[in-house]
Amino acid sequence: MVRKAMSKIYVIMGVCGCGKTTVGEALSEAKGGEFIEGDAYHSEANVEKMRSGTALSDGDRQGWLESLAEAIRESAGRTDWCFVGCSALKESYRDVLRTGDPELKFIYLHGTQEVLQRRMDARTGHFMPPDLLVSQLETLQEPQDAIRVSIDQSPEAIVTEVLAKLV
């Protein structure tokens, strides 16, 4: 599918509990665009592995990232704005996502382990147990080429800050 000339596609990235879904949904609503929930592209085996408290390996993530890259590729023909919630913890993972769109941009939601842990402990109904936060922080390779936003503020303030930085 050919990319729309004005399509802007952003991955909202960061470790579990940083607010990727909340921010991504709000951004897509504000811009009249699409939101792709990266977690929906995990295989059942990956979900069960995480639910049981086992961190995913690079091999576990490969098919998930490839599926998400395909969703990114397809979204370029449907909408002017697309926001994708995906941890994208390593540069190599971000490279796989870029196969869906070489012009893909990233929004990095970052915070201290204490803030992230508090958020993880408070959330309910998600398959990712709070115990996996440490493994995600250990895996994280902070991006150098992303819009960087602190999560130590309200979701509304985060969205306002990101909207002011979108190009």
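The values are calculated or read from the model by the stated rules, or taken from the named source; none is laboratory data. This structure is a prediction, so every number in the text was calculated from the model and none was measured. Neighbour counts are summed over all protein chains in view; Cβ atoms, including those assigned to glycine, are modelled from backbone coordinates with ideal geometry. The area values use the complete protein model at the heavy-atom level, side chains included, leaving out ligands, DNA and RNA. Shrake-Rupley method; radii C 1.70, N 1.55, O 1.52, S 1.80 Å.
Descriptive notes on the structure:
- Candidate set from region 12-24 (those that are in contact with a Gly (Cβ under 8 Å, 6 or more places away or on another chain) and open to solvent by 10 Å² or more (accessible area, probe 1.4 Å)); member that is farthest from Val162 (Cα to Cα): Thr21
- Every test in (1) in contact with a Lys or Arg (Cβ under 6 Å, 6 or more places away or on another chain); (2) modelled with pLDDT of 90 or more; (3) not polar (S, T, N, Q) is passed by Tyr41 save one, and that test is (1).
- The residue pairs whose first member lies in region 58-71 and is under 14 Å from Leu104 (Cβ atoms), whose second member is open to solvent by 20 Å² or more (accessible area, probe 1.4 Å) and assigned to a helix (DSSP H, G or I), and whose beta carbons are closer than 6 Å, counting only pairs six or more residues apart or on different chains, are Leu65/Val96; Leu68/Tyr41; Ala69/Val96.
- So Val159, is it of a type in the set (Val, Ile, Thr), modelled with pLDDT of 95 or more, open to solvent by 10 Å² or more (accessible area, probe 1.4 Å) and under 22 Å from Glu44 (Cβ atoms): no
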